[in-house]
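Heads up, the thing below is written out as structure tokens.
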Amino acid sequence: MSDHRGWSVHPEGANHPVVHPSGGDLAEPAQSGRVVGIGAICDFRTGAPEPGRSQSFSVTEFVVLEDGRRVVVDHRGFTLGSNVGTVRAGLTPQVMSQQVLNVVLPDDDECEDEHPWSLLAELARKHGIGVTADELKELQYEVVLTDRVTRWLVTP
């Protein structure tokens with residue numbers, strides 16, 4: 001689990017300035033609104049494909065507020081490798097989406113929930129966002145692959 005605290009720019013918005021609809025700097029928490037979405041975004045850990053037989057990815061979990069802001073609540077990652085051929089051989093957007101879910105879903109077979117909703121609610125509360133595990137559980141979990149990762153997957 002990440003020790004990251006506070007608000008941070010969503011990875012997709014790193015090169016695109018975002019202005020809060022009511023004005024102000026998104027680096028400072030505004031009055032948080034209701035959480036209307038939750039998910040994870042997958043990107044290259046280094047920002048670009050790596051040469052060689054392995055590829056590392058970052059996975060950033062976020063919640064979406066009713067004003068459209070995505071607030072990062074956790075950072076994780078994974079590495080794929082291949083002993084034969086290229087690392088992306090056989091990878092599809094669907095396979096990558098499942099890899100992302102494998103990273104964020106509980107390792108513990110004894111976990112009753114399909115997703116660690118209580119942990120995610122706790123992480124959101126640390127960012128000043130009032131939400132419960134039950135509220136998160138009602139939302140559809142979205143897996144987003146960045147355009148860079150999608151292009152990498154489909155380019156021969």
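The values are calculated or read from the model by the stated rules, or taken from the named source; none is laboratory data. Please read these numbers as outputs of a predicted model, since none were measured by experiment. Because the Cβ atoms are built from the backbone with ideal geometry, glycine has one as well, and the counts that use them run over all protein chains shown.
Observations on the structure shown:
- Among (1) of a type in the set (A, V, I, L, M, F, W, C); (2) assigned to a strand (DSSP E or B); (3) farther than 24 Å from Val149 by Cβ, the one test that Ala121 misses: (2)
- A Cβ distance below 6 Å, combined with a sequence gap of six or more or placement on separate chains, defines the contacts here; from the range 31-54, residues that are more than 19 Å from Gln98 (Cα to Cα) reach residues that are exposed (fewer than 14 other Cβ atoms within 10 Å of the Cβ) in the pairs Ser32/Gly128; Gly33/Glu66; Arg34/Glu66; Val36/Glu66; Arg53/Gly81.
- Count of residues meeting criterion [loosely packed, with under 12 Cβ neighbours inside 10 Å and either on the phi > 0 side of the Ramachandran plot or touching a strand residue (DSSP E or B) at 6+ places or on another chain (Cβ under 7 Å) (or both)] in the range 85-104: 2
- Only residues that are under 20 Å from Val131 (Cβ atoms) and either part of a loop (DSSP other than H, G, I, E, B) or among the hydroxyl-bearing types (Ser, Thr, Tyr) (or both) were counted in the range 50-85, giving 5.
- When Val131 is tested against (1) touching a Ser or Thr at 6+ places or on another chain (Cβ under 6 Å); (2) part of a loop (DSSP other than H, G, I, E, B), just one condition goes unmet, and that condition is (1).
- Residues in the range 79-117 that are farther than 21 Å from Thr150 by Cβ, at pLDDT below 90 and not charged (D, E, K, R): Asn83, Val84, Leu105, Pro106, Cys111, His115, Pro116.
- Any hit, the range 91-98, residues being touching an Asp or Glu at 6+ places or on another chain (Cβ under 9 Å) and either in a loop (DSSP other than H, G, I, E, B) or farther than 22 Å from Val35 by Cα (or both): no
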